[in-house]
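Structure in structure tokens, see below.
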């Protein structure tokens, strides 16, 4: 049974379910439009999968767009990280998933613009008809690389307006190199939150680092720099801050 405290928490922040990560960053504020940046292999997908699992565990109806996996491989990956989502969340309909085979598409400017329009329309339908409260898009880079700057800014601005209107959370992962520096700065300014992911070679150990650049509406002081490794049986394993700063 959900307590009053838990109900208030659901309305204000999404906890990831990883106690150490939640202690360090406080979770994802609601409502918010979050931009998660980083190169391939830097941990973006594991992070948003952790957020997805946390949202579902809190009773938030969640939709996940994946351009990296089939639906089956996505669910298998979640389960392999001990993010138990198949039963009851996926089978009950609390979690819905779209797989987009973006890599097989020959992208043009027109197709990119159409896809951004479709993504915005589908997000609205998912919220208004299926009552989704959290939308995750991993990865939106394919939709942006061929699009005009005006179209990209229009997409993010309209999405931000919808997020604020419906009091939902939308989380997008992106490879930052697909946008020029000036455009990336403008896109970041539209978003409520921005987290950078990177990879550090520490001799015999490779660690990932997440840096919280912005978290509008955060409920407490957060750690801006967090080092972690991906534990196949656990998900994100947080490391001492000294390693992240090394």
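The values are calculated or read from the model by the stated rules, or taken from the named source; none is laboratory data. The shown structure was predicted, so the numbers you read here are calculated from the model rather than taken from an experiment. Here Cβ is always computed from backbone atoms with ideal geometry, including for glycine, and neighbour counts include all displayed protein chains.
Go through (1) under 30 Å from residue 76 (Cα atoms); (2) touching a helix residue (DSSP H, G or I) at 6+ places or on another chain (Cβ under 6 Å); (3) modelled with pLDDT under 95 one by one and return the number of the condition residue 204 breaks.
Against the list (1) under 30 Å from residue 76 (Cα atoms); (2) touching a helix residue (DSSP H, G or I) at 6+ places or on another chain (Cβ under 6 Å); (3) modelled with pLDDT under 95, residue 204 comes up short only on (2).
While we're looking at this one, here's another question. Assess whether residue 33 counts as being assigned to a loop (DSSP other than H, G, I, E, B), within 21 Å of residue 130 (Cβ to Cβ) and at pLDDT 95 or above. Before the answer, list the steps.
Working: assigned to a loop (DSSP other than H, G, I, E, B): no; within 21 Å of residue 130 (Cβ to Cβ): yes; at pLDDT 95 or above: yes.
The answer is no for residue 33.
Which of the residues that make up the stretch 100-113 are closer than 15 Å to residue 66 by Cβ, surrounded by 13 or more Cβ atoms within 10 Å (Cβ to Cβ) and over 17 Å from the mean Cα position of the chain (by Cα)? Before you say what the answer is, go through the steps one by one.
Step one: filter the stretch 100-113 for residues closer than 15 Å to residue 66 by Cβ, giving 100-105.
Filter once more, so that each one left must be surrounded by 13 or more Cβ atoms within 10 Å (Cβ to Cβ): 100, 102, 105.
Those that are closer than 15 Å to residue 66 by Cβ, surrounded by 13 or more Cβ atoms within 10 Å (Cβ to Cβ) and over 17 Å from the mean Cα position of the chain (by Cα): 102, 105.
Related question: How many of the residues making up the stretch 133-149 are in a helix (DSSP H, G or I) and either more than 20 Å from the chain's Cα centre (by Cα) or loosely packed, with under 12 Cβ neighbours inside 10 Å (or both)?
Of the residues in the stretch 133-149, the ones in a helix (DSSP H, G or I) are 141-144, 149.
Adding the requirement that they be either more than 20 Å from the chain's Cα centre (by Cα) or loosely packed, with under 12 Cβ neighbours inside 10 Å (or both) leaves 149.
Qualifying residue count for the region: 1.
Sticking with this one: Being closer than 20 Å to residue 54 by Cα and modelled with pLDDT under 95 is true for just one of 219, 169, 242. Which residue is that? Let's see the steps before the verdict.
Values: 169 fails: modelled with pLDDT under 95; 242 fails: closer than 20 Å to residue 54 by Cα.
Only one candidate passes the filter, namely 219.
Of the residues 153, 130, 120, 116, which single one is touching a strand residue (DSSP E or B) at 6+ places or on another chain (Cβ under 8 Å) and either modelled with pLDDT of 95 or more or surrounded by fewer than 19 Cβ atoms within 10 Å (Cβ to Cβ) (or both)?
On the way: 153 fails: touching a strand residue (DSSP E or B) at 6+ places or on another chain (Cβ under 8 Å); 120 fails: touching a strand residue (DSSP E or B) at 6+ places or on another chain (Cβ under 8 Å); 116 fails: touching a strand residue (DSSP E or B) at 6+ places or on another chain (Cβ under 8 Å).
Residue meeting the stated conditions: 130.
Shifting gears a bit: When you scan the stretch 53-69, how many residues do you find that are farther than 19 Å from residue 127 by Cβ and out of contact with any strand residue (DSSP E or B) (no Cβ under 9 Å at 6 or more places or on another chain)?
Within the stretch 53-69, residues that are farther than 19 Å from residue 127 by Cβ and out of contact with any strand residue (DSSP E or B) (no Cβ under 9 Å at 6 or more places or on another chain) number 1.
Failed condition for residue 107, given (1) part of a loop (DSSP other than H, G, I, E, B); (2) out of contact with any strand residue (DSSP E or B) (no Cβ under 7 Å at 6 or more places or on another chain); (3) at pLDDT 95 or above, with all others met?
Status for residue 107: all satisfied but (3).
Another one. In this structure, does residue 178 turn out to be under 22 Å from residue 42 (Cβ atoms), free of Cβ contacts under 8 Å to residues at least 40 places away in the same chain and surrounded by fewer than 21 Cβ atoms within 10 Å (Cβ to Cβ)? Walk me through how you get there before you give the answer.
Numbers: under 22 Å from residue 42 (Cβ atoms): yes; free of Cβ contacts under 8 Å to residues at least 40 places away in the same chain: yes; surrounded by fewer than 21 Cβ atoms within 10 Å (Cβ to Cβ): yes.
Here the answer is yes, as residue 178 does meet what is asked.
Determine whether the stretch 158-172 contains at least one residue that is out of contact with any helix residue (DSSP H, G or I) (no Cβ under 6 Å at 6 or more places or on another chain), within 24 Å of residue 30 (Cβ to Cβ) and surrounded by 23 or more Cβ atoms within 10 Å (Cβ to Cβ).
Within the stretch 158-172 (the criterion being out of contact with any helix residue (DSSP H, G or I) (no Cβ under 6 Å at 6 or more places or on another chain), within 24 Å of residue 30 (Cβ to Cβ) and surrounded by 23 or more Cβ atoms within 10 Å (Cβ to Cβ)), the answer is yes, since at least one residue qualifies.
Give the residue that is modelled with the highest pLDDT, with candidates limited to residues of the stretch 224-239 that are surrounded by 12 or more Cβ atoms within 10 Å (Cβ to Cβ) and farther than 16 Å from residue 19 by Cα. It would help to see each step written out before you state the result.
The first filter runs over the stretch 224-239 and keeps only residues surrounded by 12 or more Cβ atoms within 10 Å (Cβ to Cβ), leaving 224-231, 234-239.
Of the ones still in play, those that are also farther than 16 Å from residue 19 by Cα are 224-225.
Values: 224: 83, 225: 91.
Checked the stretch 224-239; the qualifying residue modelled with the highest pLDDT is 225.
Take the residues in the stretch 82-99 that are surrounded by fewer than 20 Cβ atoms within 10 Å (Cβ to Cβ) and in a loop (DSSP other than H, G, I, E, B), then tell me which one is farthest from the chain's Cα centre (by Cα).
Looking at the filtered set, the residue picked out is 93.
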